[in-house]
Amino acid sequence: MSESELDRRHKERTRKHKEVVDAKIAKATIDKGLLLVLTGNGKGKSSSAFGMVARTLGYGRKAAIFQFIKGAKLVGERAFFDAHPDVRWEKCGEGFTWDTQDRQADIANARAGWEKAKEALADPDVHLVVLDELTYPVNYGYLSLDDIMPAIAARPPMQHVVITGRAAHERIVEAADTVSAIRDVKHAFRSGVRAQEGIDW
Ligand code: ATP
Ligand code: MG
């Protein structure tokens, strides 16, 4: 087949594809605050949530981040975002449970963090609420979905919420508008590479 015939066919195919895409875009007319869930065993859940924080701030809007379970160690995103006037950053845990080895302290931290998160979930000025690693205190039974789901449902209508963490509970998945389960195809850690600054923390 000649180059010009290939070009003609390509143009025809992409024109048809564009028509289909444009028709789908034209049908999506709703604006609303979303509940997004980033789950699965692969790397990229929290960093995706922080990407949405950057997007939010780029439009001069406010974001609130609640870091459950982790929090003792400084992570690069906290160093960056905590200094931002439009960010509220709360650490709601003193490290991994296997670091603290103190179940009662973990429970108290998670519950205190959730009380603060509820304030953000009631504040229409906060455009994006990140509940980072929320799945763990839920799955350990430290926080109750009977408290969490109604507070999320009653939030201001244009407020977005992102929940991250492995093994998101079925009730969270069901309530969500967008759910991504990130698959662990490979991770450098298993080849003996330790966590790298700027990439892993
Ligand atoms: P990130 O914060 O990099 O987006 P994440 O939120 O998807 O990662 P977490 O389970 O919260 O994943 O773990 C955070 C830390 O653990 C990061 O340092 C990350 O690189 C590392 N990590 C994530 N997934 C894996 C994995 N499958 N194997 C080993 N380490 C991982
Ligand atoms: Mg994470």
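The numbers here are math on the coordinates, done by the rules we state, and not lab data. Predicted, not measured: the structure shown is a model, and the values here were computed from it. Quick reminder, even Gly has a Cβ in these numbers, built from the backbone with ideal geometry, and neighbours come from all protein chains shown.
Points to keep in mind about this one:
- Per-residue Cβ neighbour rank within 10 angstrom, fewest leading, Asp86, Asp177, Asp106: Asp177, Asp86, Asp106
- Considering only Lys118, Lys91, Lys18, the Gaussian network model of the chain with Cα springs below 10 Å gives its largest mean-square fluctuation to Lys18.
- In this structure, the residue pairs whose Cα-Cα separation is over 27 Å, taken from Lys118/Lys186; Lys62/Lys118; Lys24/Lys186, are Lys118/Lys186; Lys24/Lys186.
- Arranged from fewest to most other beta-carbon atoms within 10 Å of their beta carbon, Ser48, Ser144 become Ser144, Ser48.
- Pairwise inverse Cα distances across the range 154-201, averaged and inverted, put the Kirkwood hydrodynamic radius at 14.0 Å.
- 3J(HN,Hα) from dihedral phi, the range 35-52, Karplus parametrisation 6.51/-1.76/1.60, rounded to Hz, x for glycine, proline: 9, 10, 10, 10, 10, x, 8, x, 6, x, 6, 5, 5, 5, 4, 6, x, 6
- Between Glu12, Glu174, Glu90, the GNM of the chain built on Cα springs shorter than 10 angstrom shows Glu12 fluctuating the most.
- Residues whose amide H falls under 5 Å from that of Ile65, counting only those 5 or more places apart or on a different chain, are Arg88, Trp89, Glu90, Val130, with hydrogens built in the peptide plane.
- In units of the rule-of-thumb radius 2.2 N^0.38 Å, the chain shows an alpha carbon radius of gyration of 1.24.
- The chain: calculated mean residue ellipticity at 222 nm from DSSP helix runs of at least 4, using -39500 (n - 2.57): -13500 deg cm²/dmol
- Counted by neighbouring Cβ atoms within 10 Å, the residues Val193, Val129 run from fewest to most as Val193, Val129.
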